[in-house]
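Only one structure is covered here, and it is reproduced in the block below.
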Amino acid sequence: MGKKKSAALIVLITIVLVGLLFLSITPTFPVTSPNSFRSLLSIVDLGRDLDGGYYTVYYPEGVISKAEYETLKAEYDYVAENTEEGQTPSVEDPAENYVAYKGIYLSTDISSSETGTGVTESFAESFADALSTVKKRYEERGLSDYTIRVQDDYTIRVEIPKLDHDDADAESIAQNMFTLFSYSGGLLFTDSHAANEAGTAEMEGTSEYIRNATTADAGDSGYAVVINFTSAGREAFRSLTSTLTSSESSVTLYIYAGDNQLMGATVSGEMDQDAVYITGGYTQEVAETVATLINTSISDSDVFDLTFESPEYYSMDALMGNSAALIIAICIGVLVLAMLIFSLVKFKGMGLAHVYGFITFAVAVIACISLIPAVQLTMGGIIAILAAAAIMVSCNYYAFNNIKKEFATGKTLTASIKAGYKKSLAFTIDVHAILILASLAIWLIATGPAHFMALVFLLSIAISAVCTLLVTRFYFYMFIAQPKNKIAFVGFKREETEDE
C-alpha cells in the first residue's frame with residue numbers, strides 16, 4: 001500500500017470512527033429545542049436487572065390476597081358494628097367464605113383438605129392448564145428478559161422489563177400485556193355486542209380456521225394485526241361476512257377471547273381472502289401482544305377455562321440497583337481504556353491497529369444491540385459482549401506475539417508479519433468457529449433469557465471474527481505503510497540495519 005493511499009485512508013477512517021463513536025456513546029444533550037440528540041447507547045433496551053420493569057400477580061377466581069381479605073374483613077366488621085341488634089349485616093363475613101392458605105385466601109368453593117393440596121382436584125387441574133398457557137404466551141411474545149413463577153401455589157407472578165424508553169408508554173404496554181395474557185377461553189368471531197349473547201352469525205377461531213396471526217406496518221394507522229386463514233377458514237369467514245352484510249350495508253364484527261372483547265372491525269361486504277388486516281391505532285408492541293394472544297388461543301390444548309381477576313400492575317426498581325447500569329458502564333469504560341493504553345505501550349504500531357480494530361468492534365456491537373428490536377441488554381448480555389471482546393483482544397495479542405517471535409528468528413519485518421498472521425490464522429478461525437456454532441445452537445434451542453444472551457454473544461463473536469481476521473489486519477497494513485523506520489514503529493529492535 002502506497003504512502004499517499006495509506007495517509008488518505010488513515011484520515012478517512014479516523015473521521016468515520018470518531019463520528020461513529022460520537023453517535024454511539026455521546027451522552028444525550030439538547031440540539032434544537034424541543035428536539036434532542038440521543039446516542040445509540042442511550043436507546044439500548046435494558047432488562048429488569050439494569051433498568052427495572054413491571055410486575056403483576058394473577059389471582060384466579062376464588063383466590064384473593066391477604067390484603068384483599070383484610071379489607072373485606074374490615075368492611076364487614078364496620079358494617080356489623082353499625083348494624084342494629086337482631087339484624088343481619090348487609091355484607092357477608094369473609095371468614096365464612098374463605099380459608100387461609102399460605103399467603104393467600106381460598107374460597108370455600110375450591111378449598112379442600114381431602115386432596116392434600118389445599119384445593120379440589122378440578123381446580124388444581126384448571127390452574128395447571130392456565131399456568132401452562134400463560135407461560136407459553138410470554139415465551140412466544142419474544143421477551144428477552146422476564147420471569148414467571150408460581151406464588152403461594154395458586155397465584156402467578158409475572159415480571160417483565162420496560163418495553164419503551166418513555167415511562168408512560170412503557171406502563172401502558174405492560175398493563176396491556178398483563179391484561180390480554182390473562183384472558184381465558186377460545187376465540188369467537190361474532191356481531192354480538194356481548195360474548196354471552198348469540199349473534200346473527202358466528203365463527204369459532206380454532207386452528208381449523210386460523211393458521212396464525214402476525215403483525216404488519218399499516219403506515220399512518222400504526223400497526224395491523226393480520227389473521228391468516230386456512231382454506232376452510234377462508235370459506236367460513238366468507239360465509240360469515242356474507243351473512244352479516246346481507247341485510248345491512250355495514251356491520252361491526254367483534255373478536256372475543258372468552259368473555260373479553262379483543263377487537264372489532266367494520267365489515268361492509270363479503271370478504272373472500274386468505275388474510276384480514278385489523279387496525280386500530282395499534283403500536284407495534286400492542287399489535288404483537290394481540291397476535292401472540294390469538295396464536296395461543298386457536299389450539300384446544302392452549303385454551304383454559306380458569307378466570308383470572310383483572311390484573312393490577314406495579315413498577316419495580318432495577319434488580320441490581322438504580323445506578324447499576326451507570327456503574328457497570330463506567331467500569332467497562334475504565335477497563336477498555338486500560339486495555340487500549342496497554343496495547344499501545346506493549347505493541348506500539350501493532351497496538352495502534354488493535355485500538356482502531358477494537359473501536360470498530362465496539363461501535364458495531366453497540367449498533368447491533370441498539371438497533372435490533374429483538375435484543376434487550378441484561379447482565380448476561382453484558383457478560384456475553386465482554387467475553388467476545390476478550391476473545392478478540394486475545395487473538396490479536398496472540399498474532400502480535402507470533403509476529404514478534406518470527407522477527408526474533410531473523411526474518412524481515414514483512415516476512416515476520418506474514419508468518420505471524422499465518423501461524424495465528426488456524427487458532428483464530430477455530431476459536432471463533434466453535435464459539436459461533438455453540439452460541440447458534442444455544443440460540444436455536446434455548447428459550448427466555450438464555451436464548452437472547454446467546455443471540456447477543458452470537459452477534460458479538462461474529463463481529464469479533466470479522467474485526468480480528470480482516471479489519472485489524474487491514475488497519476495494521478495501512479499504518480505500517482507510513483513510517484520510514486517500520487521496525488521502530490512496531491517496537492522491535494535488531495542490531496542489523498534493514499531496508500524494509
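Only one residue in Asp169, Asp164 is open to solvent by 40 Å² or more (accessible area, probe 1.4 Å), in the same structural domain as Ser144 (by TED's automatic domain parsing) and assigned to a loop (DSSP other than H, G, I, E, B). Which one?
On the way: Asp169 fails: assigned to a loop (DSSP other than H, G, I, E, B).
Testing whether each residue is open to solvent by 40 Å² or more (accessible area, probe 1.4 Å), in the same structural domain as Ser144 (by TED's automatic domain parsing) and assigned to a loop (DSSP other than H, G, I, E, B) leaves just Asp164.
Only one of (1) open to solvent by less than 40 Å² (accessible area, probe 1.4 Å); (2) of a type outside the set (D, E, K, R); (3) in contact (Cβ under 8 Å) with a residue 60 or more places away in the chain; (4) within 30 Å of Ile383 (Cα to Cα) fails for Ile255. Which number is that?
The one condition Ile255 does not meet is (4).
List every residue pair whose Cβ atoms sit under 8 Å apart, with the two residues 6 or more apart in sequence or on different chains, where the first one lies in the range 422-440 and is among the polar types (S, T, N, Q) and the second, anywhere, is open to solvent by 50 Å² or more (accessible area, probe 1.4 Å).
Ser424/Tyr398; Thr428/Tyr398; Thr428/Leu469
Just to be sure I understand the filter: pairs with C-beta atoms under 8 Å, separated by 6 or more residues or on different chains, first member in the range 329-346 and part of a helix (DSSP H, G or I), second member open to solvent by 90 Å² or more (accessible area, probe 1.4 Å). Which pairs pass?
Once the first residue is part of a helix (DSSP H, G or I) and sits in the range 329-346, no partner that is open to solvent by 90 Å² or more (accessible area, probe 1.4 Å) comes close enough.
Those residues that are of a type in the set (Lys, Arg) and free of Cβ contacts under 8 Å to residues at least 40 places away in the same chain, I need them from the range 41-69; list them, please.
Lys66
Of all residues in the range 102-154, how many are closer than 30 Å to Thr214 by Cα, among the polar types (S, T, N, Q) and crowded, with 19+ Cβ neighbours inside 10 Å?
Residues flagged as closer than 30 Å to Thr214 by Cα, among the polar types (S, T, N, Q) and crowded, with 19+ Cβ neighbours inside 10 Å within the range 102-154 amount to 3.
Among the residues of the range 51-86, write down those that are part of a loop (DSSP other than H, G, I, E, B) and among the small types (Gly, Ala, Ser). Can you show your working first?
Filtering the range 51-86 down to residues part of a loop (DSSP other than H, G, I, E, B) leaves 52, 59, 61-62, 82-86.
Of everything in the range 51-86, those that are part of a loop (DSSP other than H, G, I, E, B) and among the small types (Gly, Ala, Ser) turn out to be Gly52, Gly62, Gly86.
Hey, among the residues in the range 22-50 that are in a loop (DSSP other than H, G, I, E, B) and modelled with pLDDT of 75 or more, which one's surrounded by the most Cβ atoms within 10 Å (Cβ to Cβ)?
Gly47
Of these, Gly448, Gly420, Gly410, Gly380, which one is surrounded by fewer than 21 Cβ atoms within 10 Å (Cβ to Cβ) and on the phi < 0 side of the Ramachandran plot?
From the options Gly448, Gly420, Gly410, Gly380, the qualifying one is Gly380.
Regarding the range 336-349, can at least one residue be identified that is aromatic (Phe, Trp, Tyr) and either over 29 Å from Ala130 (Cα atoms) or in the same structural domain as Ile10 (by TED's automatic domain parsing) (or both)? Before the answer, list the steps.
Looking only at the range 336-349, we keep the residues that are aromatic (Phe, Trp, Tyr), and these are 342, 347.
Those still in the list that are either over 29 Å from Ala130 (Cα atoms) or in the same structural domain as Ile10 (by TED's automatic domain parsing) (or both) too: 342, 347.
Yes, some residue in the range 336-349 is aromatic (Phe, Trp, Tyr) and either over 29 Å from Ala130 (Cα atoms) or in the same structural domain as Ile10 (by TED's automatic domain parsing) (or both).
For the range 262-283, give me the residue count where each residue is open to solvent by 60 Å² or more (accessible area, probe 1.4 Å) and more than 27 Å from the chain's Cα centre (by Cα).
Adding up the residues that qualify gives 6.
Within the range 252-290, take every residue that is outside any strand (DSSP E or B) and polar (S, T, N, Q) and give me the one that is farthest from Pro373 (Cα to Cα).
From the range 252-290, those outside any strand (DSSP E or B) are 258-259, 268-274, 283-290; that's our starting set.
With polar (S, T, N, Q) added as a condition, the list becomes 268, 273, 283-284, 289.
On the way: Ser268: 36, Gln273: 31, Thr283: 14, Gln284: 11, Thr289: 15 Å.
The residue in question is Ser268.
Step by step: first the residues of the range 70-89, then only those that are farther than 24 Å from Ile104 by Cα and of a type in the set (Ser, Thr, Tyr), then the one that is least open to solvent (accessible area, probe 1.4 Å). Which residue is that?
Only one residue tops the list, namely Thr83.
Report those helices (runs of 4 or more DSSP H) wholly inside the range 390-500 carrying at least 1 residues which are among the charged types (D, E, K, R) and either closer than 26 Å to Thr360 by Cβ or not assigned by TED's automatic domain parsing to the domain that holds Lys135 (or both).
So the answer is 413-445, 472-480, 486-489.
Select from the range 231-251 the residues that are of a type outside the set (Gly, Ala, Ser) and outside any loop (DSSP other than H, G, I, E, B) and list them in ascending order. Full working, then the answer.
Taking the range 231-251 first, the residues of a type outside the set (Gly, Ala, Ser) are 234-235, 237-238, 240-241, 243-245, 248, 251.
Within the range 231-251, Arg234, Glu235, Phe237, Arg238, Leu240, Thr241, Thr243, Leu244, Val251 meet the criteria.
What residue, of Val286, Val365, is modelled with pLDDT under 95, outside the structural domain of Ser122 (by TED's automatic domain parsing) and buried (at least 19 other Cβ atoms within 10 Å of the Cβ)?
Val286
Please work out if Val393 is within 29 Å of Lys493 (Cβ to Cβ) and either of a type in the set (Lys, Arg) or surrounded by fewer than 18 Cβ atoms within 10 Å (Cβ to Cβ) (or both). Full working, then the answer.
On the way: within 29 Å of Lys493 (Cβ to Cβ): yes; either of a type in the set (Lys, Arg) or surrounded by fewer than 18 Cβ atoms within 10 Å (Cβ to Cβ) (or both): no.
No, not satisfied.
Which residue out of Leu344, Leu319, Leu335 is on the phi < 0 side of the Ramachandran plot, in contact with a Gly (Cβ under 6 Å, 6 or more places away or on another chain) and open to solvent by 30 Å² or more (accessible area, probe 1.4 Å)?
Sole residue among the options that is on the phi < 0 side of the Ramachandran plot, in contact with a Gly (Cβ under 6 Å, 6 or more places away or on another chain) and open to solvent by 30 Å² or more (accessible area, probe 1.4 Å): Leu344.
The values are calculated or read from the model by the stated rules, or taken from the named source; none is laboratory data. Computed from a prediction, not measured in an experiment: that's the story for all the values here. No Cβ is skipped: glycine too gets one built from the backbone with ideal geometry, and neighbour counts run over all protein chains shown. Just so you know, the surface numbers come from the protein's heavy atoms only, side chains and all, with ligands and any DNA or RNA stripped out. Shrake-Rupley method; radii C 1.70, N 1.55, O 1.52, S 1.80 Å.
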